[in-house]
Ligand code: ADP
Ligand code: MG
């Protein structure tokens, strides 16, 4: 159940946003994709999850090409994602948002049956992300940190989610909330109830959400993988320091 990205290329008109990117993520691995703004991180996610068609290259999940499938079909194959700016159905409650996604693969006949659908499993997901107390609040009333957690619960609602793509999961969160959320993200890579841990690929600008969390780090610069390795290797890589982290950058103390 690994993700394999081979020689991924994505053009927007004359702009080559991703220029020949190759990497793998195995189940149970937590991999951070870092790099400056405009490096092509979100575009890479969109090519894996299906929001963009590829200009070139291949995306394989579990040994099968998925790059010609629409996002809903990729979701059925277990590929779920969240967005850089948190997305939820604003007019629904927190619980209804998760119910909608939990019930979706089982078939949803009409809006008015949602009330009774998948309540147990949806509440369990809200508990997992610490939102059970806000289950009946409107999604539009949520503080931003809670909305990021709701989006994570929605991504986890797929019955067979095996690959989780998180675009800046902790963006906009205060440090303590960020640490909590990243601990939750990391825990998803652990085997659970007889199932292998998930493969997690995430982007992040806060280095305390990278060092101490990621098993492996990919550095994307100008649409190209400029470096990859363990957090230790990346922290001491001269090119990464020069082009992204800065010469005077210091690794977060408790990471
Ligand atoms: P990152 O997430 O690393 O900040 P993006 O993947 O969002 O980078 O953007 C990579 C490049 O592609 C940037 O130059 C950006 O302006 C361009 N780009 C991204 N999305 C689009 C789009 N939908 N249309 C045109 N250009 C885009
Ligand atoms: Mg981005």
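Computed quantities for the displayed model
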| item | result |
| --- | --- |
| Filtered residues of region 82-96 (kept if within 23 Å of residue 203 (Cβ to Cβ) and either more than 16 Å from ligand 2 (Cβ to nearest atom) or crowded, with 22+ Cβ neighbours inside 10 Å (or both)) | 82, 86, 88 |
| Residue match in region 8-23 (condition: in a loop (DSSP other than H, G, I, E, B) and either within 16 Å of ligand 2 (Cβ to nearest atom) or under 27 Å from residue 160 (Cβ atoms) (or both)) | no |
| Selection count, region 213-245, where residues are outside any strand (DSSP E or B) and within 14 Å of residue 37 (Cα to Cα) | 5 |
| Criterion: at pLDDT below 90 and surrounded by 21 or more Cβ atoms within 10 Å (Cβ to Cβ) - qualifying residue of 173, 218, 166 | 173 |
| Residues (surrounded by fewer than 20 Cβ atoms within 10 Å (Cβ to Cβ) and closer than 28 Å to residue 76 by Cβ) located in region 130-141 | 130, 132, 135 |
| The one condition in (1) surrounded by 15 or more Cβ atoms within 10 Å (Cβ to Cβ); (2) modelled with pLDDT under 90; (3) assigned to a helix (DSSP H, G or I) that residue 112 fails to fulfil | (1) |
| Residue check for residue 28: assigned to a strand (DSSP E or B), at pLDDT 95 or above and either within 16 Å of ligand 2 (Cβ to nearest atom) or surrounded by fewer than 18 Cβ atoms within 10 Å (Cβ to Cβ) (or both) | no |
| In region 25-79, the residues that are away from ligand 1 (no atom under 12 Å from the Cβ), within 17 Å of the chain's Cα centre (by Cα) and on the phi > 0 side of the Ramachandran plot | 28, 50, 78 |
| Answer from 152, 166 - the residue that is part of a helix (DSSP H, G or I) and closer than 14 Å to residue 200 by Cα | 152 |
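The values are calculated or read from the model by the stated rules, or taken from the named source; none is laboratory data. All values derive from a computational prediction rather than experimental measurement. Glycine gets a Cβ as well: all are built from the backbone with ideal geometry, and neighbour counts include every protein chain shown.
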